[in-house]
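Q: I have a structure I would like to understand better, so I am pasting it below and will then ask my questions one at a time.
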Amino acid sequence: MSTPRPSSPAPQAPASPDRIYRSPSGIAAGVLLLAIVGWLGIDAIVVGHGRTPWLALAVLILIVPAVTAFTLRPAVLANEHRLRVRNPLRIITLPWGQVEMFRSGYTNEVFDKAGTKYQLWAVPVSLRARKRAASQQSRREAGQRGGRGRRGLFGPGPVGVPGGPAAEPEGPARAEGDRIMDELKDLLESRGPAATSQGEVTVRWAYEVIAPVIVGAVLVAILSAVA
């Protein structure tokens with residue numbers, strides 16, 4: 001009587017470093033706002049009288065987690081096996097095999113196979129950056145057209161040497177957010193069919209952010225009502 005062979009385990013995804021995408025402008029705004037709120041709140045706690053210190057403390061409990069959630073917290077982490085989207089109130093983990101497409105409009109978004117849409121808070125769309133990149137690309141193309149047929153001081157030498165044209169960056173000029181979306185689309189195209197990129201979409205609520213905000217809001221309401 002033959003002994004049945006045990007089924008082979010599912011392929012395990014090897015460790016893969018994350019590419020981390022965040023918004024520098026969002027981080028800068030968050031640090032500035034936290035500095036202002038902290039200064040005003042601590043000043044009210046130290047020099048305030050009556051219920052003012054308690055009300056200032058409740059406002060800090062409400063505002064600090066909220067500002068942190070919408071400015072410092074958002075990030076997109078991508079490796080060869082999955083995409084993790086850390087939004088203000090949720091963390092969404094999407095194996096590449098479950099990602100259907102990316103879409104850019106007034107916001108950058110990712111869709112899973114079920115058609116659910118998730119916004120990429122850490123990769124904002126900047127119309128100004130797009131306009132700047134388009135202008136840069138137009139100037140580059142105009143310079144290339146104008147430089148054809150010119151001879152340098154020592155004749156038409158190769159790129160990057162005296163007499164040759166200045167070295168140009170490869171590819172068209174792109175806004176930073178659009179460049180990040182291009183990288184994510186390339187990862188989806190190359191890693192989507194891989195066996196280690198399969199799995200289920202998971203969504204976890206950020207209770208470590210939600211709970212302090214609720215507590216702070218309740219305390220502000222109570223202290224305001226009894227004032």
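The values are calculated or read from the model by the stated rules, or taken from the named source; none is laboratory data. Because the structure is a prediction, the values reported are computed rather than measured. As a convention, Cβ positions derive from the backbone with ideal geometry for all residues, glycine included, and neighbour counts pool all protein chains shown. Accessible surface is based on the protein model in full, side chains and every heavy atom, while ligands, DNA and RNA are left aside. Shrake-Rupley method; radii C 1.70, N 1.55, O 1.52, S 1.80 Å.
Q: Skipping prolines and chain starts, which residues have an amide H placed within reach, meaning under 5 Å, of the one on R19, given they are 5 or more residues away or on another chain?
A: Those qualifying (amide H under 5 Å, at least 5 residues apart or on another chain) are A78, N79.
Q: Quick check: net charge around T71, other residues with Cβ under 14 Å of its Cβ, Lys/Arg +1 and Asp/Glu -1?
A: Value of the local net charge: +3.
Q: Hey, what's the range 83-132 come to in accessible area per residue, 1.4 Å probe, Å²?
A: 52 Å²
Q: With label points built 7 Å along Cα→Cβ from the Cα atoms of Q119 and I222, find their separation and express it in nm.
A: Using points 7 Å along Cα→Cβ, the separation is 3.2 nm.
Q: Still on this structure: Starting from the 7 Å offset along Cα-to-Cβ, what nm value, one decimal, do you get for the label separation of R204 and R90?
A: Those two pseudo-labels are separated by 1.5 nm.
Q: Report the net charge of residues surrounding I92, where surrounding means a beta-carbon distance below 12 angstrom and charges are Lys +1, Arg +1, Asp -1, Glu -1.
A: Combined, the nearby Lys, Arg, Asp and Glu give +3.
Q: Testing the spin-label approximation: label points 7 Å from Cα along Cα→Cβ at S16 and F111. State their distance in nm.
A: So the two model labels end up 2.3 nm from each other.
Q: Any idea of M101's accessible area? Nearest 10 Å², probe 1.4 Å.
A: We get 80 Å² for M101.
Q: Which ³J(HN,Hα) values in Hz, rounded to whole numbers, follow from the phi angles of the range 202-208 under the Karplus curve 6.51 cos²θ - 1.76 cosθ + 1.60, where θ = phi - 60° and Gly and Pro get x?
A: 10, 10, 10, 6, 8, 5, 5
Q: Once you have the Cα-Cα distance between V47 and A211, take 0.36 nm times their residue separation minus that, and quote the gain in nm to one decimal.
A: Gain in length upon complete extension: 56.2 nm.
Q: Now a separate question. At 1.4 Å probe radius, can you tell me the per residue accessible area of the range 188-227 in Å²?
A: Computed with neighbouring chains in place, this is 64 Å² per residue.
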